[in-house]
Amino acid sequence: MPEMTLDMRVNGRKVTRRADPGQRLLDFLRDELNLTGTKEGCGAGECGTCSVFVDGKLVKSCLMPAAKAQGADIQTVEGLARPGELDVLQKAFHKTGASQCGYCIPGMVMAATSLLREAPEASLDEIKERMGGNICRCTGYTKIIEAVALARDVVTGRASPAVLEPEGVGESYIGHNVRRLDAPSKVTGRLKYAGDMVMPGMLHMAVLRSPHAHAEIVSIDTSEAEAVEGVACVITSADVPGKDGFGVFVHDQPVMARGKVRHVGEAVAAVAAEDVATARRALAKIRVEYRELPGLFDPEDALRPGAPVIHDYAPDNVVKHIPIRKGDVDKGFAEADLILEDEFSTQQVEHAYLEPEAGLAYVDADDVVTVISPSQNITHHRHMLSEIIARPINKVRFIMSPVGGGFGGKEDMIYQGMLALAAMKTDRPVRLVFTREESIIASAKRHPSRVKYRMGLTKDGRITAIRFEMLSDGGAYGMSSEGVMRKAAILSCGPYEIENLQVDTTAVYTNNTPSGAFRTFGGMQAQFATESMMDIAAERLGLDPFEIRRRNMMRAGSLTHTQQRLTSASIDRVLEAAEQASRWEPGAPTMRGPMRGDLGGPGTRAPCTLGARFETPKDSKERVA
């Protein structure tokens, strides 16, 4: 379709630009006007990061064609206050510490502005309701709601504008509201994330990804793609000049699939072109011939004899096994009055950071290959990239851009190598911004895990022995699996002093999306199982759940699972604080309702005491000595 001329007012100024009729208003504002405070988080109108005012009405600009803004009055976050100043809401967000990564904050400020314009006397419940169309992955919303309420009070005269001014710190920062130095740039939308950055002559990258979970790459033909007008280069694993392998613990992952693909969504080739649309058109012209291989999708299947081998170096498909032994578990179980056995599982979890993966690479005037990205591990990435591109370390530079949410998910170097190769091949800057779909299909997830748990206890609730076996799905590449298994093993049995334990945590390769770092780093999966067992034990023994934990908790002088002697321990204070904050009613719990999500019927557990008869789910076992 031919371009059209758009006339509109943006932040009080008349704007006339040529535009593609199919272009989104979001892209028009960002690409044509460089108003990058308007972010793209989901591209589907769900997250609110792209919110702008069109003729005074709040809209999601990712859903609005630019052509519909013809003649409109547009206001973005950059237009809420004069340069160098903050409006009341922006000051309130700064005051309360409402911005963390900051990626959602421009959209939050726009939504809050709309709220106070339409309902300046809004109640707290109404504020929560009307802010519901905006997603934040960092804050938990409390400080955001607090900021909106504070701004409301200032606007309506309930509070003096002076409450928004910085507090004096005096001789100590302790006990004072110390403001984030980067908050003004976040609340005004001025902070540039990797996907906001531009350079003269910049190319745009798109990535061809595997439709197969496990397949041999027979051939790749890029000739048609390279002939597309506007394409600067096409890269594959054949363009890697050095050691093609990276990872946090084991360098098993190629920059792009080499020889075979190991999961759906793995990068196979990439195109750098004058614009994103051209790069994506060229992807369709790359011809890849695959020969499908048997896949592994269940970690237990990965350990079976004769299972397909994902990586030649690991014929048993084991990424890492961490064993911990302390005392004599057989003796401990023999001393138990009660033995509980159960199994627990956790699922794969997406980080869902609002800023999708993005980066910009270029070769500077001194031939230093430079990569700008929200990497959570830039020093390690720099050393790995040096080997991949076969250049000395002083010719490789990583710059950490602001991170729009990471939670461990941006610890892995899954795209920076492609950017560097394309920049080297074209001698031009190259930028890549993942779509939300790409982010979900290609980025690492939290490890799905299965735990088989056996716990022995005395009648008074003391743990005599634990046998803990965790099997985790590491996915197609090792990434952070080794570290996650170590942390899971160390934290497996919780903050409890146990004389006899046997712990085994194992991560295996499968053809699922790779698993990597995620907040708690293996601790969540392990603690879910241990704390569930503690609650079950409290029910069986007729003990208060807090009391059974106190009887087993570590104290100063305790010996940890890994044989360290503690000089201090704080779990007693933590339990006391939790008990008070939850308004806990002391006493032994009764077993109410079904176990493991059963809606009554077989497997429902009735209240019982030690030695009583009761029904258990078929996959749960219990012995009373």
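Binning all Cα-Cα separations of the chain at 20 Å, short to long from zero, yields these whole-percent fractions: 17, 41, 35, 8, 0. For the pair ALA119 and THR5 in one chain, pulling the backbone fully straight at 0.36 nm per residue adds 37.4 nm over the alpha carbon distance.
Tilt of helix 523-541 relative to the longest C-alpha principal axis of the chain, in degrees (0 to 90, nearest 10)? Once rounded, one gets 30 degrees.
For region 341-424, taking Cα atoms only, Rg and Dmax work out to 15.8, 64 Å respectively.
What order, most packed first, do the peptides 82-88, 505-511, 139-145 have when packing is the mean number of other Cβ atoms within 10 Å of each residue?
Details: 82-88: 12.6, 505-511: 27.3, 139-145: 17.0.
In descending order of packing, they fall as 505-511, 139-145, 82-88.
Taking a straight line from the alpha carbon of LYS57, these aspartates and glutamates sit under 14 Å away, with near neighbours fewer than eight places off in the same chain left out: ASP73, GLU118.
How much length, in nm to one decimal, is gained on full extension between ASN177 and ASN34, taken as 0.36 nm per residue of separation minus their Cα-Cα distance? All intermediate terms of the calculation are to be shown ahead of the outcome.
Values: separation 143, 0.36 × 143 = 51.48 nm, distance 3.38 nm.
Going from the current span to full extension adds 48.1 nm.
Please give me, ordered by residue number, the GluC sites (Glu not before Pro) of region 181-253 that lie in loop per DSSP and have at most 11 other Cβ atoms within 10 Å. Could you put the intermediate results ahead of the total?
Details: sites: GLU216, GLU224, GLU226, GLU229; in loops: GLU229.
Taking region 181-253 and a limit of 11 other Cβ atoms within 10 Å, the loop GluC sites (Glu not before Pro) found are GLU229.
Whole-Hz Karplus values for region 333-339 come out as 5, 5, 8, 7, 8, 9, 10 Hz, taken residue by residue from phi with 6.51 cos²θ - 1.76 cosθ + 1.60 and θ = phi - 60°; glycine and proline positions read x.
Per-residue packing, averaged as other Cβ atoms within 10 Å, sorts the ranges 463-474, 176-187 into the order 463-474, 176-187, beginning with the highest. Please state the shape class of region 170-214: rounded when a/c is under 1.5, otherwise prolate if a/b exceeds b/c and oblate if not, all from the C-alpha gyration tensor. It is oblate, given that a/c is not under 1.5 and a/b is not larger than b/c.
What's the extension gain from VAL318 to GLU129 if we count 0.36 nm per residue and subtract their Cα-Cα distance?
63.2 nm
Are any of the pairs LYS60/LYS395; LYS60/LYS91; LYS320/LYS459; LYS128/LYS445; LYS60/LYS487; LYS243/LYS410 more than 32 Å apart by Cα-Cα distance, and if so, which? Violating the 32 Å limit, Cα to Cα: LYS60/LYS395; LYS320/LYS459; LYS60/LYS487.
If you wrap a convex hull around the alpha carbons of region 225-361, what volume per residue comes out, as a whole number of Å³? Don't skip to the answer; put the middle values down first.
Working: hull volume 28.6 nm³, N = 137.
So the per-residue hull volume is 209 Å³.
Sorting 576-589, 101-114, 65-78 by their mean Cβ neighbour count within 10 Å, with the most densely packed peptide first, gives 101-114, 65-78, 576-589. The average projected area of region 4-79, computed from the convex hull of its Cα atoms over all directions, is 4.2 nm².
When VAL349, VAL10 are sorted by how many other C-beta atoms sit within 10 angstrom of their C-beta, beginning with the fewest, the order is VAL349, VAL10.
Among LYS57, LYS243, LYS395, LYS445, what is the fewest-to-most ranking by other Cβ atoms within 10 Å? Please report the intermediate quantities before stating the final value.
Values: LYS57 10, LYS243 13, LYS395 16, LYS445 20.
So the residues, fewest neighbours to most, are LYS57, LYS243, LYS395, LYS445.
With the simple model of a label 7 Å out from the Cα in the direction of the Cβ, LYS452 to ASP55 spans 6.7 nm. With both residues required to sit in the chain, DSSP beta bridges show an antiparallel share near 80%.
Rounded to the nearest 5, the antiparallel percentage of DSSP beta bridges internal to region 4-79 is 90%.
What is the list of residues in region 492-508 whose amide nitrogen lies under 11 Å from a point 7 angstrom out from the Cα of LYS331, following Cα to Cβ? Taking a point 7 Å out along Cα→Cβ of LYS331, the residues of region 492-508 whose backbone N falls under 11 Å are 500.
Any read-out appearing in this document is the output of simple, stated calculations on the displayed coordinates, not a laboratory observation. Nothing here was measured: the structure is a model prediction, and the numbers come from that model. For neighbour counting, all protein chains shown are included, and Cβ atoms are generated from backbone atoms with ideal geometry for every residue, glycine included.
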